[in-house]
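Working notes for the structure below.
The values are calculated or read from the model by the stated rules, or taken from the named source; none is laboratory data. Everything numeric here is computed off the predicted structure, so don't read it as measured data. Here Cβ is always computed from backbone atoms with ideal geometry, including for glycine, and neighbour counts include all displayed protein chains.
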Amino acid sequence: MREFKQEIRKITKGFSRKQNFKLAIYSAELALPIFEKKYPKDNRPKLAVEAAKKCLASNTIENRIYAASYAAATASTAAAYADDAFYAAASAAAFAAPLANTLTAATAADAAFYAAAADSDAVQKIMDYAIKLAEEK
């Protein structure tokens with residue numbers, strides 16, 4: 001898993017804000033089904049991802065505030081359930097996505113890493129998607 005994290009950081013090093021957003025959202029969406037199966041009544045990570053998509057589509061102050069509020073709620077919940085790997089992975093991926101003005105390649109890479117930690121089948125999908133995004137330049 002360490003190699004994955006190093007490789008994803010290399011790929012995302014030169015990513016634009018939009019590419020970082022896309023990777024973080026994609027990664028979070030891969031982790032969400034695992035989370036939702038275990039916690040079907042908790043929709044905060046899903047709402048955080050939806051808020052991130054809204055920011056990606058239109059980076060207005062209103063959308064950033066909306067995204068930040070879900071990011072904060074999801075992050076605090078992740079901390080409360082830190083002993084649950086699936087919860088932490090889904091939450092970390094979801095709350096990494098909406099950081100509208102501060103989303104960096106490292107944040108997007110961390111979202112990818114946490115999603116991959118939650119679901120080993122996601123590793124190749126995330127790598128393929130990151131490479132696809134890198135080729136869009």
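Output the residues belonging to the stretch 119-137 that are assigned to a helix (DSSP H, G or I), farther than 15 Å from residue 25 by Cβ and not charged (D, E, K, R). It would help to see each step written out before you state the result.
Narrowing the stretch 119-137 to residues assigned to a helix (DSSP H, G or I): 122-135.
Next, from what is left, pick out any that are farther than 15 Å from residue 25 by Cβ: 123-124, 127-128, 131, 134-135.
Hits for the stretch 119-137 are 123, 124, 127, 131, 134.
Is it the case that residue 57 is at pLDDT 75 or above, among the aliphatic types (A, V, I, L, M), surrounded by fewer than 17 Cβ atoms within 10 Å (Cβ to Cβ) and within 24 Å of residue 12 (Cα to Cα)?
Yes: the conditions hold for residue 57.
Show the residue pairs that are 6+ apart or on different chains and have beta-carbon atoms under 9 Å apart, the first residue being within the stretch 16-28 and closer than 8 Å to residue 108 by Cα, the second being of a type in the set (Lys, Arg) and surrounded by fewer than 24 Cβ atoms within 10 Å (Cβ to Cβ).
21/53
All but one of (1) surrounded by fewer than 17 Cβ atoms within 10 Å (Cβ to Cβ); (2) within 13 Å of the chain's Cα centre (by Cα); (3) of a type outside the set (S, T, N, Q); (4) modelled with pLDDT of 70 or more hold for residue 28, so report the exception by its number.
Every condition holds for residue 28 apart from (1).
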